[in-house]
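One structure below.
The values are calculated or read from the model by the stated rules, or taken from the named source; none is laboratory data. Every value quoted in this text rests on a predicted model; they were computed, and no experiment measured them. Note: ideal-geometry Cβ built from the backbone for every residue, glycine included; neighbour counts use all protein chains shown.
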Amino acid sequence: MNNTDLNTITQRILSSKKYRGLHPFTVERIVSQCTKRYPTKRIEKKARNLLHQVWGAYYANRPDFARLVSEIPHTSDTQHIQDYLTRILSLHASTRERIPLLDSFYSEIFQETGIPESIADYASGLNPLTLPWMHLPEDTRYTAYDIDSIQNSFIKQIFAQLPIHPRAEIRERDLAEPGTPFADVAFLFKTLPLLDHQLLDAESVISAIPCNTLVVSYPRASISGRAKGMEKNYPDRFARIAERMSLRVKLLKFSTEIVFLLDCREASSPAASGTILKSKT
């Protein structure tokens, strides 16, 4: 397939109602990868299927962002703000599962990493709206990256109208884009299981994220609520990745999520060698 045909398919997908808000880099990347795996007649269908698996499947229905913006509370009361944000977080499968954890989730992570001066949140979805539960200093630099420009715009409007600190910087970015900025701590929540769908290699993605600590998480059950052996398979698979990359790892277990903390500063240390140092249930 030549570049003209690739661009035609990419633009056709981007012009559709469902995918019009996706980052063009992501759509073009997936279409390009599909050209190497499938015959011409199946490329567009396969690309759309992959985009649904890595993005569209996590909303039962696309939220009415305009209505949600109109319902932003005019208050500085912390509880009212958190109640409003919790209602939004419940709309997405990934963040809905994290709601019961929020009172302890970040405090346990930062107990291990220390309070970071900068955070990069990759494939962030609605997760920037959990900032009030992070209890970060106001001068912490928090940058969220996601491929959904419409959702990103919605989150920006919330931060523009509510007294949430620190302020989030929201950017469109694909995990495979070059030139990733450094952060003290990087989040990669519930994303690695999706890389196979995106035809991306987990080790390559991890290696390309410059940070002191990379916080990776896996769900303990699928979107449908079935475990499917995930609680054993994901840690085992991740331990093998960490061993191959010589990364020191700490393990935290929460009721709905398994979290791995990778000390990326010691990647070259033979002593690191994929050891899982700590398990907290």
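Some values worked out for this structure:
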read-out: Every residue from the range 97-122 that is of a type in the set (D, E, K, R) and either crowded, with 18+ Cβ neighbours inside 10 Å or on the phi > 0 side of the Ramachandran plot (or both); value: E97, R98, D121
read-out: Selection from the range 147-158 of residues that are buried (at least 19 other Cβ atoms within 10 Å of the Cβ) and touching a Leu at 6+ places or on another chain (Cβ under 9 Å); value: I147, D148, Q151, F154, I155, I158
read-out: Given (1) of a type in the set (D, E, K, R); (2) buried (at least 17 other Cβ atoms within 10 Å of the Cβ); (3) not in a helix (DSSP H, G or I), number of the condition E28 does not satisfy; value: (3)
read-out: Index of the failed condition, L175 passing every other in (1) touching a strand residue (DSSP E or B) at 6+ places or on another chain (Cβ under 9 Å); (2) under 17 Å from L68 (Cβ atoms); (3) part of a loop (DSSP other than H, G, I, E, B); value: (2)
read-out: Those residues of the range 101-125 which are out of contact with any Phe, Trp or Tyr (no Cβ under 9 Å at 6 or more places or on another chain) and modelled with pLDDT under 95, in sequence order; value: none
read-out: Of all residues in the range 159-172 being touching a residue at least 60 places away in the same chain (Cβ under 8 Å) and either in a loop (DSSP other than H, G, I, E, B) or of a type in the set (D, E) (or both), the one that is nearest to F65 (Cα to Cα); value: L162
read-out: Test result for T75, surrounded by fewer than 18 Cβ atoms within 10 Å (Cβ to Cβ) and either assigned by TED's automatic domain parsing to the domain that holds T213 or basic (K, R) (or both); value: yes
read-out: Residues of the range 144-158 classified as in a helix (DSSP H, G or I) and not hydroxyl-bearing (S, T, Y), total; value: 8
read-out: Residue match in the range 226-248 (condition: at pLDDT 85 or above, assigned to a loop (DSSP other than H, G, I, E, B) and of a type in the set (A, V, I, L, M)); value: yes
read-out: Residue tally, condition touching a residue at least 24 places away in the same chain (Cβ under 8 Å), outside any helix (DSSP H, G or I) and crowded, with 18+ Cβ neighbours inside 10 Å, over the range 181-206; value: 10
